Number of protein chains: 2
Amino acid sequence: MDMSDRTGTVRFMSLRHALLGLLAHGPASGYDLTRAFEGGIGQYAWQAGHSRIYPELGKMAEAEQVVVDEAGPRGRKTYTLTDAGRTELRRWMLHWPEQATVRDETVLRMFLVQSLEPDDARRLLEGIAEHCAAEIARLRPVMEAEDAEHHPGDPLPFGRLAGEYGLRQYEAVHGWALWSLERMAAVEPAVG
Amino acid sequence: MDMSDRTGTVRFMSLRHALLGLLAHGPASGYDLTRAFEGGIGQYAWQAGHSRIYPELGKMAEAEQVVVDEAGPRGRKTYTLTDAGRTELRRWMLHWPEQATVRDETVLRMFLVQSLEPDDARRLLEGIAEHCAAEIARLRPVMEAEDAEHHPGDPLPFGRLAGEYGLRQYEAVHGWALWSLERMAAVEPAVG
DNA sequence: CCAGGACGTGTCAACATGGACATGTCAGAT
DNA sequence: ATCTGACATGTCCATGTTGACACGTCCTGG
């Protein structure tokens, strides 16, 4: 995997690439895309509100990465990916920068668990473990139902890989929280 | 775990909390903290350069969450957490917002794997799996060495839980990439 | 003695972002 | 007929963030 690209001219602009990626699935309006960011992508990967999305779509149209059809009810504009847009998406997907942008409040909290008093840390880890267990219990049946409906030869449902990613993420964090609690117990038994 | 706090007055400012968390380990200068962000925390959790860190430390001193000792060689200033700072850190660690800030270019790429042609997606997933395998091979011995040096009763080394988190993260992504490849192979056999 | 590199702090301009503000349409229920 | 809520697009401002510019110090090796 190429981990050393920068291309000089094209800067990072991940919001743009998120939009290109969502439009790869099919044409959509700014409103549709705003809704999409309220789902898994906005929860785990990248956040954006409509006030950022609309101007960015405008710039993308200027750059001819999308074309816009303005004929829709209530002023709805539908954006469709162009070949240039698909090419840029592919370039971005395959060329990874040395250091990818990351800004994740949840992971930050995990990194700072050891800045708490042991009792606080324990309580926090227990809360994380419970939260993850609940999310796993909620998500697993969804995936299984999706898989049960899937017939051999059908294409994978859009988002199936992303969904699996989310589920495995929760499982990993769950395992980590339990391991951390054990590790802390071995070092410093709980008070009370 | 409290997943519904906002406190009205205090806004999010995760950079501030990252700094408070790092200072919980012990006093440090802006320079030291800048170095810290070049390690695991900047790679997995939150990025910041010195141009952002210095002004933030200034504001934190104003808010009396840290005290500054200006007597150091080369104009070095050492910042120490105050009780107010520790309280604010604890508040932030234990009260989680409904929707945490997340902006992760790597996860975004994973979410958009299905926007690629199957052959490109396969190549990408293979690259991810290889990269993860290499990182796991690099990290695991580091953890094991740290554990081997650890005597029962010693406190956990600062960062041990974070390190384990990173390792398990790579393992989860590795497993996901392999699962995705299998899943894709079952649906659409590779060309050639 | 002096050069290079690590140490160390800071500002500034350009751009990214989120939340508030602003406006209007369409469909279905009362 | 009117009201409500989802649909739909947009701008503006305060703040967050990055990369470049700018300056000066201490230590070590040649």
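Using alpha-carbon pairs under 8 Å, 6+ residues apart, how would you state the relative contact order of chain B in percent? Let's see the in-between values first.
Working: 152 pairs, mean separation 41.5, N = 192.
Reported relative contact order: 22 percent.
Scan the range A:75-106 for GluC sites (Glu not before Pro) in coil per DSSP, keeping those whose Cβ has at most 16 other Cβ atoms within 10 Å, and list them by number. Present the calculation step by step, with values, prior to reporting the outcome.
Details: sites: A:Glu88, A:Glu98, A:Glu105; in loops: A:Glu98.
For GluC sites (Glu not before Pro) across the range A:75-106 that sit outside H, G, I, E and B with at most 16 neighbouring Cβ atoms in 10 Å, the list reads A:Glu98.
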Other copies of B:Pro27: label-to-label distances in nm, shortest first, labels 7 Å along the beta-carbon direction: 6.5
Sorting from shortest, the nanometre distances separating the label point of B:Ala137 (7 Å past Cα along the line to Cβ) from those of the same residue in the other copies are 4.1
Within straight cross-link reach of A:Lys77, meaning Cα distance under 16 Å, which aspartates and glutamates are found once same-chain residues fewer than 8 apart are removed? A:Asp32, A:Glu56, A:Glu62, A:Glu64, A:Asp69
Relative to the other copies, what are the label-point distances for B:Pro97, with labels 7 Å from Cα along the C-beta vector, expressed in nm at one decimal and sorted shortest first? 2.2
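Bear in mind that the values in this text are calculations on the coordinates, not laboratory data. All values reported here derive from a predicted model rather than from experimental measurement. Neighbour counts run over all protein chains shown; Cβ positions are idealised from the backbone, glycine included.
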